[in-house]
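S.K.: Have a look at this one before I ask anything.
The values are calculated or read from the model by the stated rules, or taken from the named source; none is laboratory data. Values in this document were obtained by computation on a predicted structure and should not be read as measured data. Note: accessible area is taken over every heavy atom of the protein model, side chains too, but ligands, DNA and RNA are not part of it. Shrake-Rupley method; radii C 1.70, N 1.55, O 1.52, S 1.80 Å.
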Amino acid sequence: MNPAPPSGEKLQQIAHDPSGHRARLRKRLLDGGEGALADHEIIEYLLMTAIPRRDTKPLARSLLARFGSLAGVFNADSAALAAHPGMGETSAAAIRIVAMATRRFARHQVSEQPILTTWQTLISYLTVDMAHLKVERVRALYLDTKNRLIRDEHLGDGSLDEAAIHPREVIRKALDLGAASMILVHNHPSGSPEPSRADIQITQRIAEAGHHLGIAVHDHVVIGLEGHVSLRQRGLL
């Protein structure tokens, strides 16, 4: 019996990829483990779905060169992605949907179980969400009596001090939500997660205000490209 002739879709793929590179890339993706594809190949394969008739390897490499890393590409500003030579809105949307899905998945993992028993999952979620931000962002994770996430609250952008973050307002929000405790989080755009004196002082003020009203501050986590710091683990809270 003669084999069935290639489908129209397959013939089109062969015509636009005479070397079979895309087929080999797809096979490595489907058959291999987490390290089956290099960073540029992950972006290349993703862009192939948005730009089916073009070699996307040079574009993938140029994105990595510009934004510094795979995470940098996926966390890049939508307008910057769309304006990058060879991209456009369709390709930018393909990149952004992966970033959105990654954050949603990470958030779901965090919300499923008590946060204090899945600490590394929480750190992974925060790193994906905040490490590449170009502005300093402050959040409070409000928890119930079983340390499950009630609300991930964006408190504000800018330096962490009382001019931007008022301890009474942070605690009042906890009372409004019926939260029993919280974890404070902010990022350092510089990359270094080392806490400043202002970081430590405002944390201690919020913890003191919460103590009087029965709201515990479990920790304050500082996120940066170089890692993270827990003020609790440092003995600063």
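S.K.: Below 19 Å, Cα to Cα, which aspartates and glutamates can Lys173 reach? Residues fewer than 8 away in the same chain don't count.
M.R.: The qualifying aspartates and glutamates are Asp144, Asp152, Glu153, Asp157, Asp161, Glu162, Glu208, Asp219.
S.K.: Sticking with this one: Could you work out what % of the accessible surface of the stretch 164-214 is carbon and sulfur, using a 1.4 angstrom probe and leaving DNA, RNA and ligands out of the count? Could you put the intermediate results ahead of the total?
M.R.: On the way: 1210 of 2540 Å².
Carbon plus sulfur share of accessible area: 47 percent.
S.K.: Something else: Based solely on its DSSP helices, what 222 nm [θ] is calculated for the chain when runs of n ≥ 4 H residues each add -39,500 (n - 2.57) and the sum is averaged over all residues, nearest 500 deg cm²/dmol?
M.R.: Numbers: 10 runs with 117 residues, N = 237.
So the helix-based figure for the chain works out to -15000 deg cm²/dmol.
S.K.: Got the relative contact order for the chain handy, in percent, Cα pairs under 8 Å and 6 or more residues apart?
M.R.: Working: 332 pairs, mean separation 29.9, N = 237.
Computed value for the chain: 13 percent relative contact order.
S.K.: Ratio of Rg to Rh for the chain, alpha carbon only, Kirkwood?
M.R.: Numbers: Rg = 22.6 Å, Rh = 20.3 Å.
Reported Rg/Rh, Kirkwood definition of Rh: 1.11.
S.K.: Per 5 Å bin, what is the whole-percent P(r) computed from every C-alpha pair distance within the stretch 155-237?
M.R.: Per 5 Å bin, starting at 0, the Cα pair percentages come out as 3, 16, 27, 25, 18, 8, 3, 0.
S.K.: So with the 1.4 Å probe, I'd like the accessible area per residue for the stretch 139-237, rounded to whole Å².
M.R.: Result: 49 Å² per residue.
S.K.: In the stretch 17-73, carbon and sulfur make up what percent of the accessible area (probe 1.4 Å)?
M.R.: On the way: 1780 of 3220 Å².
Heavy-atom surface of the stretch 17-73 belonging to carbon and sulfur, 1.4 Å probe: 55 percent.
S.K.: Work out from phi, with θ = phi - 60° and the Karplus expression 6.51 cos²θ - 1.76 cosθ + 1.60, the ³J(HN,Hα) of each residue of the stretch 44-59, listed in order in whole Hz, and give x for Gly and Pro.
M.R.: Whole-Hz 3J(HN,Hα) from phi for the stretch 44-59: 4, 5, 4, 5, 4, 6, 8, 10, x, 10, 9, 6, 9, 4, x, 5.
S.K.: Using Cα pairs closer than 8 Å and at least 6 residues apart in sequence, work out the relative contact order for the stretch 97-214, in percent.
M.R.: Details: 154 pairs, mean separation 29.6, N = 118.
With pairs under 8 Å counted, the relative contact order is 25 percent.
S.K.: Now, a different point. Give me the accessible area per residue for the stretch 89-136, probe 1.4 Å, as a whole number in Å². Intermediate values should be presented prior to the final figure.
M.R.: Working: 2710 Å² over 48 residues.
That works out to 56 Å² for each residue.
S.K.: For the stretch 92-164, take every pair of Cα atoms, bin their distances at 10 Å starting from 0, and report each bin as a whole percent.
M.R.: The calculated distribution, bin by bin, is 17, 45, 31, 7, 0.
S.K.: Please enumerate, by chain and number, the aspartates and glutamates with C-alpha under 12 Å from the C-alpha of Lys57, excluding those fewer than 8 residues away in the same chain.
M.R.: In chain and number order, the partners are Asp39, Glu41, Glu44.
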